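K.L.:
Have a look at the structure that comes next, please.
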Amino acid sequence: MAAALEEFCGSVFWNDSFLARSDADLPVCFQQTVLVWIPLGFLWVLAPWQLLPLCKSKSKKSPLTKLYIIKQMMVTLLLMTAVAELVMAIAEGTGQYSLPAVRYTNPSLYIVTWVLVLLIHYARSFCLCRDSVVLFCFWILSLLCGILPFQSLVRRALQDPISDVPRFVLFFISYGLQLLLFIVSDSESSGFLVRTFLQTQCWRLAKGRSLPHRMIYKGHRKPLEIEDVWDLKDKDRTQALYAAFEKNMKTALRKAQAELEKRKRKKRRRERDTEHMNGMSKAQSQDILVLPKKKKKKGGKGDSSHKDYPKKWLMKVLFKTFLQNLMMSVAFKLVHDVLVFVSPQLLKLLIAFVSDAEAFAWQGYLYSILLFLTAILQSLCLQQYFNLCFQLGTNVRASLIAAIYKKALTMSSATRKESTVGETVNLMSADAQRFMDMANFIHQLWSSPLQIILSIVFLWGELGPSVLAGLAVMVLLIPINGFLVNKSKDIQVRNMKNKDERMKIMGEVLNGIKILKLFAWEPSFEKRINEIRACELKDLLKFSYLQSVSIFVFSCAPFLVSVSLASFAVYVLVDENNVLDAQKAFTSISLFNVLRFPMAMLPLVLSSIVQTNVSKERLERYLGGEELDTSAIHHDSIPGSAVRFSEATFTWEQDGNAAIRDVNLDIKPGSLVAVVGAVGSGKSSLISAMLGEMENIKGHINIQGSLAYVPQQAWIQNATLKDNILFGSELDEARYQKVIKACALLPDLELLPAGDQTEIGEKGINLSGGQKQRVSLARAVYNDADIYILDDPLSAVDAHVGKHLFEHVLGPKGLLQKKTRILVTHSISFLPQVDNIVVLVAGAVSEHGSYNTLLANRGAFAQFLNSYGSQEEGAAEETTAGIGNATGLFKAAYVGTLIPESFSTGVPVLCGMQPQSRTSRAAPCISTQSTTSVKKAQEEPIKNIKGQKLIEKEAVETGKVKFSMYLRYLRAVGLGFSFCVAMSYVGDYVAYVGTNLWLSAWTDDAERYQNETYPVQQRDLRIGVFGALGVSQALFLFLATILSSHGAMRASRIVHEQLLSNILRVPMSFFDTTPTGRIVNRFAKDIFTVDETIPMSFRSWLNCFMGIISTLLMIALATPFFLVVIVPLGIFYYFVLRFYISTSRQLRRLDSVTRSPIYSHFGETVSGLSVIRAYGHQQRFLQQNEKTMDINQKTVHSWIVSNRWLAIRLEFVGSLVVFFSALLAVISKNSLEGGIVGLSVSSALNVTQTLNWLVRVSSELETNIVAVERVHEYTKVKREAPWVTDKRPPHGWPSKGEIQFVDYKVRYRPELELVLQGITCNIGSTEKIGVVGRTGAGKSSLTNCLFRVLEAAGGKIIIDGLDIATIGLHDLRQNLTIIPQDPVLFTGTLRMNLDPFDQYTDEEVWKALELAHLKAYVQELPERLQHIVSEGGENLSVGQRQLVCLARALLRKAKILILDEATAAVDLETDHLIQTTIRSAFADCTVLTIAHRLHTIMDSNRVMVMHAGKIVEFDSPEKLLQKQSIFSAMAKDAGITNTETTTL
């Protein structure tokens, strides 16, 4: 081969003597062949791929640019130089002597190459991305290979005159042109390192190319906004990711479900076999099997967690979906892992060079350059690998969240009961996050073992069998680690349970905060949460102890005590000839350092896998749960039938009792059907069955046409009022206006600050109950469906509004007259006007037919009417006689009374608002005078009006995290603790530096005792001190981790306690203006960060910081000149850091802020599931979720890229440190020992990663400390008045129950107008007062004031001679009782719901239940008082929940009772029971009743009529009816003529 090449070149191809001199050079033949062919070969192999665009259609050729023309001209010049050289060769070859072949072939090869380059440039002009990576690499290769001939020619020219001038000139012209082309293509592929290695070339914005440094520069100048962040590539959008994931998931799930069926069959077979073995008769065994099962089912959730589910499919799906990414990252990681082992070998050569006085200087420089290049290549591969891993992580998270969301939309109600909203949000936040973290490390699973094996192979080469001593110790550590991992897994599972439990209660507390405040129950719940938190922290402390042990075992034991000590000691002790010299020691040390990383990573990866495994099981159970089975809902077209029930029997749980049974109904198109029945008779179940929300036992329901559904409790989204009504449909202005008018929303719109553009808070917080219901109805009407299912929409509105709605929307003349309407109702007055009435009793249809038919049947319905319908008799008879006539009358009366009242003068229809779920309404109220101005405002384009935005955008802190936040955290840890931890770390690193210096001195012994035997006592001293230093290092570290975990627990406890106690003490208005999602986010994500992430970050930071200081110290000790280099490098490092941190921090903040909406939207979706499904809007909500996700993904992606931007620059600094430490060692070769050079360079090799880590950890710490900042923000919110003050009311206060209002004024928030405008009245002891008024008259505000949910803006309230503003809130609230409008129940036992402080005996509790008519029901429950109430009280009907609230009030038996619309959700029968109870049980109390149904207050002593925040009438009902009063007009609407006509 060599001979052929020599003939080809006409000179020597290779001879070692060329290198064995001080001015070494490569032979000319080698330069002309190998160095020329390498770059050309590279280009020729990859050229076809670059020319592909030429074969495709040429339609989209980009316009010519200047750059393109310049490049083509330069390549043409190159082509000309090659042609010139070939012509010269031919001219010379025709002369007297023949030239070697190489002179002809090389120019010819170059000519072909340059033509290829021209073609590639042309081909790239058809691409979006003009610059070619292949060409770019070719220019680099060509220039690098050209450096050697370049320096040869220059050196020869300097020694002798130039022999061949033309070729000399042509070479330099060609080299110069290539250099220019490289620069031009680099400017085009600007920031190549980042570009090729971060694939950011497609993250281009419309305004040109924005690369990471652009964004980072921008982020340094001003805090980044979401608009500054790049958009995602299409393949990274949630939709694309989820599509691929779902495809694979479906196939995998099918297989997993088949496996599940097999398992179930086996289990059944086993059960049958055991029965046979016991020799029981079939019947007996069946009974015995059924009974205990039933019991267990009732016991709540006990069994759901042990239910079998499809297993072992999720990981397969993820692997299949993201295979391409995984393969690419494997390739990069492999190259990196191999390169890692090149450095120690180079170090070995460098030490040999320093120790060898004869060595040529060029060798040293070569080694230094090679070390530098290896480091750079290594960092490029590593960063590309990291980029892929992080991308994989975010993509996995996005797919999982999308899958969880979609599952939530399709899951069956039984599955839904198994996991609460809180748990599902946890799946999204914690479990999907676990997968994301796992993806960053997944490759360590194969990479760590590979690195460990390679290290051992190389170490064997250095130290021989002595390595086994170190290895043995490592192997011994594996079982210890296994034990630790198992232990931590148990703790982790327990901890997730505690976390779920705590978040569940927290969610309920936030949803029921109004009730907690009104009943003064906060301390009870605070105690419950703190108890769970204490368990959580106890487990966390155990977990961190285990972690400390694991860190101790893995970081110290192997490297100091065992591996280096064991290996070096054994090496020296085995054989006296074995002397530890610098080469061996430091090559081994740098190999041990390489080992350090995989060994430290492995336990982390394993524990991460353990945690991910717990999450994987939770996700598999959730995603594999049963879907909604709507097979029982048919959509066949049957003429003359809109909805047909055939033998329909449905249940809520598969093996539960049927909720509706054997229903046969046929509902004709266009008819209005009323469904009536007592509380718990299955009215809502009937509707749920139609919506497909229940499990089918037998029969089916046939529905023809589209559905619209109005639920009993209105579901309102956090959006503008208009969006709530449109609900994703196109806007048709005329229809929209018609709907608003019919639903009586016009007066409300006039009062909302921005009309229909007003933002409605979460759960419709700033609307009253009636308004919410009307919006919900308007949504249905606007939707224009064929069949309307209305679940008691009229219960929450006032009587006259109810009439208006029936008249204009639901009734025979309403907007929906041509549609099929199924109306569940408790209101008798509308029944005569419906086409058909269905009476339900215990889930079965007892009778159905028209009003007259049922009356004539004299069945249950007729009796029911007789007992409760007397007050409506007149109306009913009239209506029966001639419906048209009645309607006409009603209309006239209605218009007559209403217009002057409410509609013309714009009464604030918003302010009084009945208390709703958790609020004291944040209702912006505008007084009468300003209505006109609002109208004007509506005509102008909408500007931001004060009060329009209820929910402010979540504040994103900007700029640097204040130092005070770190101090705040350290104070929580305890300053003493913090100091001790820092000192332990200092001790650890002092020992570390000592160990290394001692080793360096030890290796220099090899020189000192070169030709004599090594003294034994010297050897023992060396080993002994080395070991002692190692052990002390380990102990210091162990001490530091133990101390820090104690401190961290203390901090976690304090931070959570402060947050919780403040949140429970802030005024109601805070909850109105803050979405629950935000508060939950503080308790979930931010507290998690304080618990687990910050302590880790602090520890890592200290570790890195001390590591870098110690390394630089050691290099400076070896080569003091290094201090000169450190200064510029330090400055560069600092600037990069400052630049990057501001961007990274802001991106992290954006990440937190854009994450909240994902959870908020999810919570909202889950609570409105039945509505979304009924309208069939699942797809729209999925897209909305994808959009929200993409915004979050965007910030995360940008964060990843900015991290890589930083890492590349920092690792460059690290590589320079290595280069300079090696270079300085080479320069000052004669004055240095091998040991100290080894120490210096091996430390430098270590510093690259540490430098990188320091920045990462600093920014991570700063990012995570933001959690402390966010929590702190909520501990600073202004509190309401103290719960207990020095002035306590006398014992037994209020004894009489007299209430005096003295010129009392109040407003909801400081910037809003007054809601109550100076009320003055006296209420005597034991008086019964009814409070009435149109929606928004200020009725509910009155109750809020009595409980001081709203503080006075003027005036005072005096109860029994005591001004209530002077005593503590709890003293006040514990002595009043309220039965609120929304029955809120909490998870826990029934008893806990009635008496959270255990103040009453069981007898008293049963007595209260008996009075509330619940005793019979509770006695039937297997657990009785210990019956578990599910989240939000979902396992009781709305009516039953209302009765539980009544029982609460009866138990308290305070002197003053307030009823707020308390009977809105119950049927007349129950209403009657409640009223009777209240009359008898509270006869000696003062009772204030806010009523919608006027007949509930007709027997009051006095009636207070409110209007626009003032009392307009206040007298006995009899007197008011006789006058021409507002009250008499209202009574007329309700069909009440005198007080006698009411039995209620």
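The values are calculated or read from the model by the stated rules, or taken from the named source; none is laboratory data. Note that the coordinates shown come from a computational prediction; the quantities given were computed from them, not determined experimentally. Heads up, the Cβs are rebuilt from the backbone with ideal geometry, glycines too, and the neighbour counts pull from every protein chain shown. Note: accessible area is taken over every heavy atom of the protein model, side chains too, but ligands, DNA and RNA are not part of it. Shrake-Rupley method; radii C 1.70, N 1.55, O 1.52, S 1.80 Å.
K.L.:
Name the one entry in GLU626, GLU620 that is of a type in the set (D, E, K, R), open to solvent by 60 Å² or more (accessible area, probe 1.4 Å) and out of contact with any strand residue (DSSP E or B) (no Cβ under 6 Å at 6 or more places or on another chain).
P.N.:
So the residue among GLU626, GLU620 that is of a type in the set (D, E, K, R), open to solvent by 60 Å² or more (accessible area, probe 1.4 Å) and out of contact with any strand residue (DSSP E or B) (no Cβ under 6 Å at 6 or more places or on another chain) is GLU626.
K.L.:
Out of all the residues in region 406-451, which are under 21 Å from PHE1181 (Cβ atoms) and within 12 Å of the chain's Cα centre (by Cα)?
P.N.:
The answer is THR424, VAL425, ASN426, LEU427, MET428, SER429, ALA432.
K.L.:
Okay, next question. Does region 629-639 include one or more residues that are of a type in the set (Val, Ile, Thr), crowded, with 21+ Cβ neighbours inside 10 Å and at pLDDT 85 or above?
P.N.:
no
K.L.:
Is it the case that region 966-973 has a residue that's within 29 Å of ASN593 (Cα to Cα), modelled with pLDDT of 85 or more and of a type in the set (Val, Ile, Thr)?
P.N.:
No: region 966-973 contains no residue that is within 29 Å of ASN593 (Cα to Cα), modelled with pLDDT of 85 or more and of a type in the set (Val, Ile, Thr).
K.L.:
Select from region 1119-1145 the residues that are among the aliphatic types (A, V, I, L, M) and in contact with an Asp or Glu (Cβ under 9 Å, 6 or more places away or on another chain) and list them in ascending order.
P.N.:
ILE1141
K.L.:
Answer yes or no as to whether GLY1077 is more than 24 Å from the chain's Cα centre (by Cα) and either touching a residue at least 24 places away in the same chain (Cβ under 8 Å) or outside any helix (DSSP H, G or I) (or both).
P.N.:
In short, no.
K.L.:
List the helices (runs of 4 or more DSSP H) inside region 165-234, counting only whole elements, that have at least 2 residues being over 30 Å from PRO149 (Cα atoms), modelled with pLDDT of 50 or more and in contact with a helix residue (DSSP H, G or I) (Cβ under 9 Å, 6 or more places away or on another chain).
P.N.:
212-221
Yes/no matrix, rows are residues, columns are (1) of a type in the set (Asp, Glu); (2) open to solvent by less than 30 Å² (accessible area, probe 1.4 Å); (3) farther than 28 Å from MET601 by Cα; (4) touching a Leu at 6+ places or on another chain (Cβ under 6 Å):
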position	(1), (2), (3), (4)
ASN1203	no, yes, no, no
LEU1210	no, yes, no, yes
LEU1223	no, no, yes, no
VAL1226	no, yes, yes, no
GLU1260	yes, no, no, no
LYS1278	no, no, yes, no
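For every residue, the table says whether it meets (1) touching a residue at least 40 places away in the same chain (Cβ under 8 Å); (2) part of a strand (DSSP E or B).
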| residue | (1), (2) |
| --- | --- |
| THR1285 | yes, no |
| ARG1288 | yes, no |
| TRP1293 | yes, no |
| GLN1300 | yes, yes |
| PRO1310 | no, no |
| GLN1317 | yes, yes |
| ASN1322 | no, yes |
| SER1325 | yes, no |
| SER1340 | yes, no |
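Conditions (1) modelled with pLDDT under 85; (2) surrounded by fewer than 18 Cβ atoms within 10 Å (Cβ to Cβ); (3) within 30 Å of MET1392 (Cβ to Cβ), marked per residue:
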site: SER447; (1), (2), (3): no, no, no
site: GLY482; (1), (2), (3): yes, yes, no
site: ASN486; (1), (2), (3): yes, yes, no
site: ASN495; (1), (2), (3): no, no, yes
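K.L.:
Being over 30 Å from ALA1174 (Cβ atoms), touching a Pro at 6+ places or on another chain (Cβ under 8 Å) and either open to solvent by 10 Å² or more (accessible area, probe 1.4 Å) or in a helix (DSSP H, G or I) (or both) is true for just one of LEU454, LEU459, LEU477. Which residue is that?
P.N.:
Being over 30 Å from ALA1174 (Cβ atoms), touching a Pro at 6+ places or on another chain (Cβ under 8 Å) and either open to solvent by 10 Å² or more (accessible area, probe 1.4 Å) or in a helix (DSSP H, G or I) (or both) holds for just one of LEU454, LEU459, LEU477, which is LEU477.
Residue-wise test of (1) over 47 Å from the mean Cα position of the chain (by Cα); (2) at pLDDT 75 or above.
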| site | (1), (2) |
| --- | --- |
| VAL563 | no, no |
| VAL572 | yes, yes |
| VAL579 | yes, no |
| ALA585 | yes, yes |
| SER588 | no, yes |
| ASN593 | no, no |
| MET599 | no, no |
| LEU602 | no, yes |
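K.L.:
Confirm whether ASP786 is within 26 Å of LYS722 (Cα to Cα), modelled with pLDDT of 90 or more, open to solvent by 10 Å² or more (accessible area, probe 1.4 Å) and out of contact with any Cys (no Cβ under 6 Å at 6 or more places or on another chain).
P.N.:
yes
K.L.:
For ARG1256, state whether it is open to solvent by 20 Å² or more (accessible area, probe 1.4 Å) and in a loop (DSSP other than H, G, I, E, B).
P.N.:
In short, no.
K.L.:
Right, another one. Of (1) surrounded by fewer than 22 Cβ atoms within 10 Å (Cβ to Cβ); (2) under 38 Å from the mean Cα position of the chain (by Cα); (3) within 24 Å of LEU767 (Cβ to Cβ), SER706 satisfies all except one. Which?
P.N.:
(3)
K.L.:
Would you confirm, using the coordinates I've provided, whether SER22 is surrounded by fewer than 16 Cβ atoms within 10 Å (Cβ to Cβ), modelled with pLDDT under 85 and not in a helix (DSSP H, G or I)?
P.N.:
The answer is yes for SER22.
K.L.:
When you go through (1) out of contact with any Pro (no Cβ under 8 Å at 6 or more places or on another chain); (2) more than 16 Å from LEU349 (Cα to Cα); (3) among the charged types (D, E, K, R) one by one for LYS1229, which number turns out not to apply?
P.N.:
(2)
K.L.:
With region 1443-1544 as the region, which helices (runs of 4 or more DSSP H) entirely inside it contain at least 3 residues that are modelled with pLDDT under 80 and closer than 30 Å to MET1392 by Cα?
P.N.:
By residue number, 1468-1481.
K.L.:
Assess whether THR1188 counts as being within 23 Å of GLU1269 (Cα to Cα) and open to solvent by 10 Å² or more (accessible area, probe 1.4 Å).
P.N.:
no
K.L.:
What helices (runs of 4 or more DSSP H) completely inside region 262-351 contain at least 2 residues that are at pLDDT 90 or above and open to solvent by less than 40 Å² (accessible area, probe 1.4 Å)?
P.N.:
Of the helices (runs of 4 or more DSSP H) lying wholly inside region 262-351, those with at least 2 residues that are at pLDDT 90 or above and open to solvent by less than 40 Å² (accessible area, probe 1.4 Å) span 314-321, 323-340.
K.L.:
Same structure, new question: Between residues in region 722-744 that are within 25 Å of ILE1172 (Cβ to Cβ) and modelled with pLDDT of 90 or more and residues that are buried (at least 20 other Cβ atoms within 10 Å of the Cβ) and of a type in the set (Ser, Thr, Tyr), which pairs lie under 8 Å by C-beta distance while being six or more apart or on different chains?
P.N.:
Hits for this filter: ILE725/TYR782; LEU726/TYR782; PHE727/TYR782; PHE727/TYR1175; ARG735/TYR782; TYR736/TYR782; VAL739/TYR782.
K.L.:
In region 1365-1392, what residues are assigned to a helix (DSSP H, G or I), surrounded by fewer than 21 Cβ atoms within 10 Å (Cβ to Cβ) and in contact with a Lys or Arg (Cβ under 8 Å, 6 or more places away or on another chain)?
P.N.:
Once the filter is applied, which keeps residues that are assigned to a helix (DSSP H, G or I), surrounded by fewer than 21 Cβ atoms within 10 Å (Cβ to Cβ) and in contact with a Lys or Arg (Cβ under 8 Å, 6 or more places away or on another chain), region 1365-1392 yields ALA1365, THR1366, ASP1371.
K.L.:
With respect to GLU522, is the statement that it is open to solvent by less than 30 Å² (accessible area, probe 1.4 Å) and either in contact with a Leu (Cβ under 7 Å, 6 or more places away or on another chain) or without any contact (Cβ under 8 Å) to a residue 60 or more places away in the chain (or both) true?
P.N.:
yes
K.L.:
Within region 1322-1347, can you find the residues that are open to solvent by 10 Å² or more (accessible area, probe 1.4 Å) and either over 18 Å from GLY1509 (Cβ atoms) or among the aromatic types (Phe, Trp, Tyr) (or both)?
P.N.:
ASN1322, GLY1324, SER1325, THR1326, GLU1327, LYS1328
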